1. Condition first: part of a loop (DSSP other than H, G, I, E, B) and either touching a Phe, Trp or Tyr at 6+ places or on another chain (Cβ under 9 Å) or surrounded by fewer than 16 Cβ atoms within 10 Å (Cβ to Cβ) (or both). Now tell me which residues in the range 228-269 satisfy that.
2. If you scan the range 188-204, which residues turn out to be in contact (Cβ under 8 Å) with a residue 24 or more places away in the chain and not in a helix (DSSP H, G or I)?
3. So for the range 150-160 (the condition being within 26 Å of the chain's Cα centre (by Cα), within 23 Å of Ala128 (Cβ to Cβ) and away from the ligand (no atom under 16 Å from the Cβ)), does at least one residue qualify?
4. Hey, Ala55 hits all of (1) of a type in the set (Gly, Ala, Ser); (2) at pLDDT 85 or above; (3) within 16 Å of the ligand (Cβ to nearest atom); (4) under 27 Å from Gln191 (Cα atoms) but one; which does it fall short on?
5. Which of the following residues is under 21 Å from Met130 (Cβ atoms), modelled with pLDDT of 85 or more and not hydroxyl-bearing (Ser, Thr, Tyr): Val360, Val381, Val365?
6. I'm told Val382 meets every condition in (1) more than 18 Å from the chain's Cα centre (by Cα); (2) not in a strand (DSSP E or B) except one. Can you identify the failing condition by its number?
7. Condition test on Phe231, is it of a type in the set (Phe, Trp, Tyr), under 23 Å from the mean Cα position of the chain (by Cα) and over 21 Å from Ile101 (Cα atoms)?
8. Only residues that are within 12 Å of the ligand (Cβ to nearest atom) and not in a loop (DSSP other than H, G, I, E, B): list them for the range 1-25, please.
Amino acid sequence: IANKEVLKIVVVGHVDHGKSTVIGKLLYDTKSLPEGAVEKVRKIAKETGKPFEYAYLLDAFEEEQKQGITIDTTQIQFQTTKRDYVIIDAPGHKEFLKNMISGAASAEAALLVIDAKEGVQEQSRRHAYMLSLLGIKKVYVIVNKMDLVDYKEEVFNVIRQEMSTFLGALGVYPLKYIPISAFYGENITSQSDKMPWYKGTPIIEGIDAIERDKGIEDKPLRLPIQDVYKFDDRRIIAGRIESGQLKVGDKITIYPEGKTTHIKSIAYWAERDQKEQGFAGESIGIIVEDEFFNKRGEIITNETNPPLVAESFRASIFWMGKEPLTIGKKYKIKLATEEIEGEVSSIIKVIDATSLDSNVTHQQVELNGVAEVIINTKEPVVFDVFRESPVTGRFVIVDGYDVAGGGIITQKEGETVSFS
Ligand code: GDP
């Protein structure tokens, strides 16, 4: 079967609450494991006298993938009758944040696993916060190990109550809360008769019901300008269509100035040919009716879905610089095709490993720190909020010659810049 569609999911939760077991069980029940993996794990369990663990199935999967994948998250695939899934299994939340912020990995939905017996823990909260930070809104809370609490509804309700208060404050509204026992396979593929009080769907049916984001072709047009070439008396504007589509005759608006014109013709470099249309993912050159002396860094959009333009924005950043990120220091900000000088004007919050919400005022962000900051740029820049448009909502911070951090934009700050 020529397959359907792919949904990328990240599985998070406190250590030992059962993330790997949930993933292993999903792979097992959907028969998506590499050949011989189950037998191998059974055999090792028997030889070492240890109990069979679904979690070990992931190791088999990982080994098989090592040849191909180089980023430090493992991408595990499985499929249901509805579609394909890629599960992103990061070794830790730092790696996940780094990959998500830099664009090396992306997840549209998340499973937040909570141990029914242990209840909501520090890391459960931190991971929930991380999801809100990354703008992942399609979250399922999975209350696992229900077997350890005799499948009691009250236990499930207490956790649901606690998490919904916490997540609600972060603006994350889980689609579903699902009580399961990953180990015993309750509420995985079929409705559990151990929990007749639960009227919702089992996990697999649940994730199949998650609606995908619109395809990038159907999103608003975003064409960051890479270069402008002069041929004879024509100017060809070159770039990659990051989202949306365009065709000859379309009315377009070029930001930051916000000037409007029409597309006269389209050229593809690869084909040395004229075309009528262009789609997300394609690198093209366009000729427009009115030439405004456009330059690299500007963004072409359609009229109805303008991007944001400002000299200041709020962002969540991940810092990997040798020197700490410091307020007032000049950095180079690379955002889509734009490169501009910028500085952090304030550090709102630093999230460290021990506390979710820190009230301490910080003057800098250390190596591996995650923080919410305000960035000011020397001149107005064009961008989007990451949640709306990942490519134009993400940036890299360069310190000297080194990439020292990455960030995603959460909101615009200050007044709208006017060019009139
Ligand atoms: P992770 O650290 O979140 O990936 O947790 P694991 O998947 O490694 O699970 C930690 C331990 O909990 C393992 O010993 C699992 O067998 C056990 N476990 C996972 N799910 C269940 C469950 O539904 N019921 C019970 N009783 N144990 C479970």
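The values are calculated or read from the model by the stated rules, or taken from the named source; none is laboratory data. The shown structure was predicted, so the numbers you read here are calculated from the model rather than taken from an experiment. Don't worry about glycine lacking a Cβ; one is built from the backbone with ideal geometry, like all the others, and counts go over all protein chains shown.
1. So the first thing to find is which residues in the range 228-269 are part of a loop (DSSP other than H, G, I, E, B), and the list is 232-233, 241-242, 244, 248-250, 256-258, 269.
Matches in the range 228-269: Asp232, Asp233, Ile241, Gly244, Gly249, Pro256, Glu257, Gly258, Trp269.
2. The first filter runs over the range 188-204 and keeps only residues in contact (Cβ under 8 Å) with a residue 24 or more places away in the chain, leaving 188-189, 192, 194-195, 197-198, 200-204.
If the condition is that a residue be in contact (Cβ under 8 Å) with a residue 24 or more places away in the chain and not in a helix (DSSP H, G or I), then Ile188, Thr189, Ser192, Lys194, Met195, Trp197, Tyr198, Gly200, Thr201, Pro202 are the ones that fit.
3. Yes, because at least one residue in the range 150-160 is within 26 Å of the chain's Cα centre (by Cα), within 23 Å of Ala128 (Cβ to Cβ) and away from the ligand (no atom under 16 Å from the Cβ).
4. (2) is the only condition that Ala55 fails.
5. Working: Val360 fails: modelled with pLDDT of 85 or more; Val381 fails: under 21 Å from Met130 (Cβ atoms).
None of the other options fit; the residue is Val365.
6. (2)
7. On the way: of a type in the set (Phe, Trp, Tyr): yes; under 23 Å from the mean Cα position of the chain (by Cα): no; over 21 Å from Ile101 (Cα atoms): yes.
Taking the combined requirement at face value, the residue does not satisfy it.
8. Taking the range 1-25 first, the residues within 12 Å of the ligand (Cβ to nearest atom) are 11-25.
Within the range 1-25, Val11, Val12, Gly13, Lys19, Ser20, Thr21, Val22, Ile23, Gly24, Lys25 qualify.
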